[in-house]
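Report on one structure; see the data block that follows.
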Amino acid sequence: MAANTMRILMIEDELNLVSTLKKGLSEQGYAIDTAYDGEEGLYYAQHEPYDLIILDLSLPKIDGLTICKEIRSQGNRTPILMLTARSQTEDKVLGLNTGADDYLTKPFSFEELKARINALLRRKENIELPVLKIGNLVMNIQKHEVLAGDKVIDLTPKEFAVLEYLLRNKNKVVTRSMILEHVWDYSYEGMSNIIDVIIASLRKKIEIDKSNKLIHTVFGVGFSMKDPS
Ligand code: CA
């Protein structure tokens, strides 16, 4: 668990917002560091490795735009999600031009924040890990292509996303609700049979050699992909 816990730095001076978000994100399994002013935030960003930075635009000591510019000028590509209380287009455009990857205008819902974070983290993983493999199955994320041996496997977008998630977690067990949250960005209460339908279809498509099971059902828990022995 510890090895793949995502670390998020939150630079935000509204104490209530920080404590709400910190609680919510911790419950999602993220490790959160917080900084309440720009100076401290910039220091953390420069000295600790993070998977994502949530950055408020107006901050004491050093403002968000300056922090963003500073981080990027040092070659740090950590995804930055900018928070802004202002809804003017100029601020958003300025933020994105300065190197932020996305922005949210306050007030926002926690669900929306979570969805944006998931999207940014997925994008980051894609840059770092373009090819995923198991047995003779190869997924090339950038080409959006799946091969079993030299046969191209045609997948729907949801099948591709579920397979990608399983491959990223190979040799681990993933639950239906984990798949739902990652692939749909929110919980589908009572819709978990969607997963079973997609898994069944994936098996038909990728397990060409029937003696060579790739997706294993872990009864009562979920699914696991394992390298064939
Ligand atoms: Ca602020």
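The values are calculated or read from the model by the stated rules, or taken from the named source; none is laboratory data. What you see is a predicted model; the values in this text were computed from it and never measured. Note that each Cβ is placed from the backbone with ideal geometry, even for glycine, and that neighbours are counted across all protein chains shown. Please note that ligands, DNA and RNA were not included when accessible areas were found on the heavy atoms of the full protein model with its side chains. Shrake-Rupley method; radii C 1.70, N 1.55, O 1.52, S 1.80 Å.
What's the magnitude of the charge dipole for the chain around its Cα centre, counting Lys and Arg as +1 and Asp and Glu as -1 at the beta-carbon? Answer in Debye, nearest 20.
1040
Of Ile67, Val173, Gly41, which is farthest along the charge dipole of the chain in the positive direction, counting Lys and Arg as +1 and Asp and Glu as -1 at C-beta?
Val173
Label Glu14 and Asp209 with points 7 Å out from Cα along Cα→Cβ: what is the distance between them in nm?
The modelled label-to-label distance comes out at 5.7 nm.
For the stretch 101-162, what number results from the quotient of the Cα radius of gyration and 2.2 N^0.38 Å?
Here the answer is 1.46, to two decimals.
One quarter of the convex hull surface, Cα atoms only: what value does that give for the stretch 5-87 in nm²?
5.1
Take every Cα pair under 8 Å in the chain that's 6+ residues apart, average their separations, divide by the length, and report that relative contact order as a whole percent.
13
In the chain, what percentage of the DSSP-assigned beta bridges are antiparallel, given to the nearest 5?
50
In Å and from the alpha-carbon atoms only, list the Rg and Dmax of the stretch 133-177.
Expressed in Å, the Cα Rg and Dmax of the stretch 133-177 come to 10.7, 33.
What fraction of the DSSP beta bridges in the stretch 1-102 is antiparallel, stated in percent and rounded to the nearest 5?
Rounded to the nearest five, the antiparallel share is 0 percent.
With a length cut of 15 Å (Cα positions projected on each helix's long axis) and a Kyte-Doolittle mean of at least 0.5, go through the chain and give me the DSSP H helices that pass.
Counting only whole DSSP H runs, the qualifying helices are 193-206.
Mind listing the long-range amide H neighbours of Thr34? Cut-off is under 5 Å, sequence gap 5 or more, other chains count too, H placed in the peptide plane at 1.01 Å from N.
Here the answer is Met10, since their amide H atoms fall under 5 Å of that of Thr34.
Can you give the extra length, in nm with one decimal, that the chain gains between Arg123 and Ser73 once fully stretched, where that is 0.36 nm per residue apart less the Cα-Cα distance?
15.9 nm
Step through the table entries Lys158/Lys204; Lys22/Lys172; Lys151/Lys210; Lys23/Lys114; Lys158/Lys210; Lys69/Lys143, compare each Cα-Cα distance with 20 Å, and write down the pairs that go over it.
Lys22/Lys172; Lys158/Lys210; Lys69/Lys143
Let me know the Kirkwood hydrodynamic radius for the chain, please, with Cα pairs as the basis and the value in Å to one decimal.
Radius from the Kirkwood sum: 19.3 Å.
Taking 8 Å as the Cα distance limit and 6 or more residues as the minimum spacing, I'd like the relative contact order of the stretch 131-229 as a percentage.
Over the stretch 131-229, the number comes to 30 percent.
Taking only protein heavy atoms and a 1.4 Å probe, what accessible area per residue, in Å², does the chain have with all protein chains in place?
Here the per-residue accessible area is 53 Å².
Among the aspartates and glutamates, which have Cα under 19 Å from the Cα of Lys205 when same-chain residues fewer than 8 positions away are ignored?
Within the straight-line cut-off, Lys205 pairs with Glu145, Asp150, Asp154, Glu159, Glu164, Asp196, Asp227.
With all protein chains present, how much of the accessible area of the chain (probe radius 1.4 Å) comes from carbon and sulfur, to the nearest whole percent?
Within the chain, the accessible surface is 53 percent carbon and sulfur.
Pull up the DSSP beta bridges for the stretch 76-179 and report the antiparallel fraction as a percent, rounded to 5.
Roughly 75 percent of the beta bridges in the stretch 76-179 run antiparallel, per DSSP.
How high is the relative contact order of the stretch 1-69, in percent, counting Cα pairs under 8 Å that sit 6 or more residues apart?
For the stretch 1-69, the relative contact order is 40 percent.
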